[in-house]
1. Remind me, relative contact order of the chain in percent, using alpha carbon pairs under 8 angstrom and six or more residues apart?
2. Where in the chain are the DSSP H helices whose C-alpha atoms run 27 Å or more along the long axis and whose mean Kyte hydropathy is at least 0.0?
3. Can you work out the accessible area per residue across the chain, with the rest of the protein chains kept in place, probe 1.4 Å, in square angstrom?
4. Once each part is reduced to its C-alpha centroid, what is the distance from segment 271-299 to segment 187-211 in angstrom?
5. For the chain, what are Rg and Dmax over the alpha carbons, in angstrom?
6. Amide H of Thr292 versus every other amide H placed in the peptide plane: which residues, excluding those fewer than 5 positions away on the same chain, fall under 5 Å?
7. Round to the nearest 0.05 the FRET efficiency obtained for Ser129 and Asn328 when R0 = 56 Å and r is the Cβ-Cβ distance.
8. Show the residues, 5+ positions off or on another chain, whose built amide H is closer than 5 Å to the amide H of Asn274.
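The values are calculated or read from the model by the stated rules, or taken from the named source; none is laboratory data. Everything numeric in this text was worked out from a predicted model, so none of it was measured. Heads up, the Cβs are rebuilt from the backbone with ideal geometry, glycines too, and the neighbour counts pull from every protein chain shown. Surface accessibility is based on the protein's heavy atoms, side chains included, excluding ligands, DNA and RNA. Shrake-Rupley method; radii C 1.70, N 1.55, O 1.52, S 1.80 Å.
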Amino acid sequence: MPQVDNSQLHVGLIGPLPPPFGGMANQTKQLNSLLVTEGIAVTLIQTNADYPVKWATNIKGLRAIFRLIPYLIALWKQASHVDCLHIMANSGWSWQLYAAPAVWIGWLKNVPVIVNYRGGEAEQYFRTSMKWVAPTLRKTSAIIVPSGFLAHVFDKFGFTAQVIPNIVDLHKFKFKQRTGVADFDLPKLVITRNLEKIYGIETAIDAVAILKRRFPKIKVFIAGSGPLQSVLVGQVEGLGLTENVEFTGKLTPEQIALLYQDVDIMLNPTTVDNMPNSVLEALANGLPVVTTNVGGIPYIVADNETALLVEVNNPEMMAAKVEQLIDNPLLYQKLVLNGIAQVENYDWKNVKYQWLNLYSKVAK
């Protein structure tokens, strides 16, 4: 693609920052840094900034107000000084409290607005809320989604969305050449999802129980935190897996990248998903992935080519696919090599011109 002149461009980037280290927060932080390296002026307006007064964090009702009001004030002040607004958006309260007001402020200030929508639950949200969401979407200059899956969802509701994929940092998630499971007697697996019902971690734990019959020393690291931790710990104890499963807690991206280097296979047992960064980051590390075939996942990996796909809530099938990878070094290495080739499409050098050309197109 031709080089875009960025010298006069000023982007207002709206979204959350870590912590916590969620997909949207990580993408916001990464995009902000990469745009600056391209010579673009960026004003970052954080949707999850620290509360102005500490005691507000303990009062549920007031919490949102104390965060929302400073956010709206900053947005109103800064909108007039940028060429376009780039809004990181999600479903539910995130849309209503942060994305929608930003779109309307951009419209009132005559500033072009790009909505960068993400989240695997978009279709469910639109089914119940599109009559409220649609008027806001019509005020945008462009709707951007990270996968063909979400583009298809928007199309169902009468809106055209352009695909610009998530960015994977290939310097942080460094490729490691692998030829098979490092230790046949001690396969090491990793799960990097929050401990929430939608991510199906209980299915993966059941799969580990099946695998333990053949691999008594199997080790699984679950890197995440969430409301189901006590339930999942109880499941692990009930299945006699306390020596096999380690809950690491929430890790930073840097810590996860190091963990990927020390394991053999990634499990992604989710029941809902759009374009999981964790899967792409695992591929970037040269780590084979066994994942459910839900949502946008089949749009980013192909079964038996770049990952092994399994049905939702099917621990037997997940265990069988892991065994297949352990037993078949040629398949293992095929996924490693095809995975890193696939993830090159998400490197900044290939994604940046899509953003730069879009900014130039919509900028006032």
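1. On the way: 672 pairs, mean separation 61.3, N = 364.
Relative contact order comes out at 17 percent.
2. Numbers: long enough: 60-79 (29 Å, 0.62).
Qualifying helices: 60-79.
3. Numbers: 15740 Å² over 364 residues.
Normalised by residue count, the accessible surface of the chain is 43 Å².
4. Going from one Cα centre to the other spans 14 Å.
5. Rg, Dmax (Cα atoms, Å): 21.3, 64.
6. Close amide H contacts, sequence-distant or interchain: Asn268, Thr270, Val310.
7. Details: r = 46 Å, r/R0 = 0.82.
Once rounded, the FRET efficiency stands at 0.75.
8. Distant-sequence amide H within range of Asn274: Gly120, Gly296.
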